[in-house]
């Protein structure tokens with residue numbers, strides 16, 4: 001016959017042992033997690049995680065580029081990208097989206113970003129790819145606003161052309177099928193005195209974008225300069241540079257139109 | 001085998017009957033609502049300042065704030081590095097549309113363990129661990145304990161195992177209480193929220209090659225598992241001190257001083273790399289999980305685990321040698 | 001092992017303990033037989049507690065051997081200690097547990113104790129009324145009894161009690177004495193009692209060892225120790241002349257003037273008549289001879305004072 005302990009303390013002891021086992025398992029998991037980078041699935045989201053990640057990997061909308069993709073200037077932070085994502089989701093709940101846009105990114109930065117493992121993996125999995133790039137190149141690389149240095153602007157444009165080619169080649173290399181929607185540039189300074197000069201530059205760069213995109217299949221240029229041409233104040237954020245929510249709404253409308261065409265399968269690279 | 005169960009049960013019974021454990025749980029129960037409210041206030045203040053409750057804007061704002069701090073020339077280099085890493089990480093959350101602070105009890109519990117692993121939890125552990133042997137000396141019961149037909153090392157080992165069980169219980173109870181109490185305000189959802197992990201550092205760069213998402217419940221399990229290891233190391237050191245020092249107050253004092261100076265030193269002298277060989281500078285194990293930068297260069301999870309293990313083994317060796325060899329004088 | 005032969009339940013050989021440079025206990029040896037009540041007497045600080053702690057394994061001896069029920073304490077610690085129940089100094093229990101929880105805890109460590117045995121010892125020490133109260137509510141006497149219950153749990157052959165009457169009131173002391181005698185007589189348990197108050201144990205001990213400054217200065221049955229030089233009180237006239245005569249006699253150990261007419265001597269009983277005759281021959285009037293019965297106290301004081309070295 002053994003001496004029995006009180007039930008409550010025996011229960012406590014069992015709870016303590018259970019805690020020990022659970023925590024030891026957690027500890028073991030954590031150590032393998034941190035030390036062994038054996039989990040080779042970065043960015044692959046658990047299908048059951050949240051509803052925004054629910055769905056097939058092949059229904060991925062990928063956003064690349066600068067602050068426009070990021071959504072800077074939109075008061076609710078959505079930008080064109082999240083609006084399009086929401087619209088797509090109304091038709092198919094399984095569509096997921098990854099926004100890789102980085103504020104202030106130039107074409108040079110994007111060529112590097114696109115080399116990253118995780119970005120390349122995402123590119124492979126994408127069904128649609130949207131790109132906004134060039135604004136930062138154009139308005140930083142062309143001298144100050146008051147005094148546009150034409151020679152410098154030309155050098156920057158040539159560099160941009162090369163970078164854009166490199167970006168589109170890389171995208172196609174990773175994913176030959178997904179349509180790429182490349183936004184054109186717009187002139188945020190159309191209301192200023194020097195507007196002729198800046199407009200000329202934007203037009204020239206937009207021509208570059210069209211020319212480069214024609215070299216690749218399934219690259220759709222989505223022009224937006226017309227929206228901002230007549231009444232830029234109405235569609236620009238208070239920083240006079242980024243679009244506001246109305247501007248982004250327009251951008252998303254344009255993109256949806258372009259994607260609709262894609263849905264009917266009648267577009268062949270510009 | 002039955003003998004072991006009996007011995008450990010005895011020690012557990014003594015510990016929980018002593019009210020200390022109940023006091024500790026009460027402390028946790030009393031403090032968590034305060035932490036919860038503090039967290040709630042922080043979120044509210046941020047929303048007020050930004051005029052929005054959208055976390056993307058909040059995160060963007062945080063990034064901008066950090067960038068502004070970066071441009072200040074008075075910032076020490078060490079801080080600059082960790083700030084840069086933070087920005088990169090926040091940017092990553094933003095890029096992947098992941099809300100790092102999605103309110104919810106699991107998120108609170110996750111942040112709670114990340115903040116409490118270096119001081120709050122160890123303090124609780126020190127309070128229970130430091131009197132485990134010294135109280136037997138102080139109460140004179142050591143004479144009864146050591147005149148049983150049980151070898152001294154078995155008695156000490158049963159005490160140690162009981163202590164580890166109790167520490168496990170306290171860590172789990174803290175997690176459960178944190179979730180239950182904070183959920184009243186934040187709600188109980190967010191278990192499956194994806195959390196990023198797998199960040200590592202090389203030469204001050206945040207290496208995101210192995211970054212991936214895991215559901216938050218798994219992250220919680222791992223975070224509290226790491227906290228448990230840190231607490232077990234603290235318990236082991238307190239255990240040794242408790243064997244060496246006959247008075248409970250003194251042994252608690254020694255441990256508290258060591259614990260707090262360990263915390264202070266990492267903040268005061270982050271360039272003094274020799275500090276990384278101390279036990280108490282290696283308690284922030286959850287940082288390796290969340291990808292927060294460590295204060296001292298060259299610290300990795302295996303390194304910290306090794307340091308804690310070596311200290312613990314040394315402490316056990318000292319404790320067992322002293323306890324089995326020493327005469328029990330009045 | 002339960003044979004009829006009287007093997008020593010406890011035997012101690014050349015037991016010594018040195019702490020630092022000081023030798024606290026030196027070359028102690030004695031034996032305690034089965035069912036014997038053995039007194040271990042000495043003033044405070046004589047080394048009693050150190051010796052007792054060595055007997056139960058709390059202190060390692062520097063030299064010497066302790067044998068309990070035939071097992072060497074050092075080599076066969078578990079077997080040896082299983083046969084001992086002890087209270088070292090105060091009967092300290094866990095105050096936050098009840099009496100029963102305390103006993104259950106020690107029983108679990110003992111390994112083979114049944115719940116029935118717990119009930120038995122509780123009844124034996126008459127604690128059944130209060131056993132489920134927390135120990136911190138107990139009086140000293142109750143704690144002492146719980147301590148004995150604890151010591152008896154494992155049915156030991158040897159019970160070691162360190163100052164068992166410490167802090168008890170006279171009634172408690174009497175009760176304790178009776179209890180100890182009953183244990184030895186009815187259960188055949190050997191009992192080792194240490195004390196510094198001699199008359200308390202004098203009546204119940206079969207044999208005693210007297211320790212002073214770390215060494216045993218005498219061992220033997222109480223009756224034998226009480227023999228020998230007993231104090232004799234003389235009333236003489238003239239006292240000075242009487243004193244000279246007493247001092248000249250062989251066998252008389254001390255001669256001192258206690259009052260104006262009274263002289264105290266220590267001498268063997270058989271010498272009293274011879275001394276009386278001598279005094280009368282010399283013309284000293286002997287008004288009274290009072291032989292006092294010696295107590296251990298007297299012997300103890302006499303011996304510890306006689307022995308300034310060590």
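Values in this text are rule-based calculations from the coordinates and carry no lab data. A quick note: this is a predicted structure, and the numbers were derived from the prediction, not measured. Every residue, glycine among them, receives a Cβ derived from its backbone with ideal geometry; neighbour counts consider all protein chains shown.
Among A:156, A:130, sorting on how many other beta-carbon atoms sit within 10 Å of each Cβ, with the fewest leading, yields A:156, A:130.
Modelled this way, with points 7 Å down the Cα-to-C-beta line, the labels at residue C:126 and residue B:138 are 3.6 nm from one another. Exposure proxy ranking for A:123, B:329, based on other Cβ atoms within 10 angstrom of each Cβ and starting from the fewest, stands as B:329, A:123.
Whole-percent P(r), region A:57-264, all Cα pairs, 5 Å bins from 0: 1, 7, 16, 21, 21, 17, 10, 5, 2, 0. Across chain C, Cα-Cα distances exceeding 35 Å account for 33% of all pairs. The spread of Cα positions in the protein assembly as shown, taken along each principal axis and listed from longest to shortest, comes to 158, 56, 44 Å. Given the Cα atoms of region C:86-147, and with Rh set as the inverse mean 1/r over their pairs in the Kirkwood sense, what is Rg to Rh to two decimals? My calculation puts Rg/Rh at 0.93. Counting every other Cβ atom within 10 Å of each residue's Cβ, C:77, A:160 order from fewest to most as C:77, A:160. The mean number of partner chain beta-carbon atoms within 10 angstrom of a residue's beta-carbon across peptide C:79-92 is 3. Within region C:150-172, list the residues whose amide N lies under 19 Å from a label point set 7 Å along Cα→Cβ of residue C:78. Those under the cut-off are C:154-157.
Highest GNM mean-square fluctuation among C:232, C:66, C:88, for chain C modelled with Cα contacts below 10 Å: C:232.
Straightening the chain between residue A:148 and residue A:191 buys 13.9 nm, computed as 0.36 nm per residue apart minus the Cα-Cα spacing. Within the listed set C:16, C:190, C:230, the Gaussian network model of chain C (springs between alpha-carbon atoms below 10 Å) gives the highest mean-square fluctuation for C:230.
Its residues counted as N, region C:1-102 yields a C-alpha radius of gyration over 2.2 N^0.38 Å of 1.19. Centre-to-centre separation between the Cα atoms of region C:197-249 and those of region A:172-220: 123 Å. With R₀ set to 60 Å, the beta-carbon distance separating residue B:292 from residue C:199 gives a calculated FRET efficiency near 0.20. Per-residue ellipticity at 222 nm computed for the protein assembly as shown from its helices equals -17000 deg cm²/dmol, with DSSP H segments shorter than 4 residues left out and the rest contributing -39,500 (n - 2.57). Over the C-alpha atoms of region C:229-293, the Rg to Rh ratio, Rh being the Kirkwood estimate, stands at 0.90. Per residue of peptide A:9-17, the mean number of Cβ atoms on other chains within 10 Å of the residue Cβ is 6. Using the Cβ-Cβ distance between residue A:87 and residue B:180 with R0 set to 45 Å, the FRET efficiency works out to roughly 0.65. The order of the peptides C:42-55, B:233-246 by mean Cβ neighbours within 10 Å, most packed first, is B:233-246, C:42-55. Normalised by 2.2 N^0.38 Å, with N the number of residues, the alpha-carbon radius of gyration of region C:132-273 equals 1.51. Estimated from the Cβ-Cβ distance and a Förster radius of 56 angstrom, the FRET efficiency linking residue C:136 and residue A:124 is about 0.15.
When only alpha carbons are used to place a centre, region C:55-78 and region B:238-286 end up 40 Å from one another. Considering Cα pairs under 8 angstrom that are at least six residues apart, work out the relative contact order of chain C and quote it in whole percent. So the answer I get is 19 percent. Quick check: Cα centre of region C:275-293 to Cα centre of region C:159-173, how many Å? The distance from the Cα centre of region C:275-293 to that of region C:159-173 comes to 43 Å.
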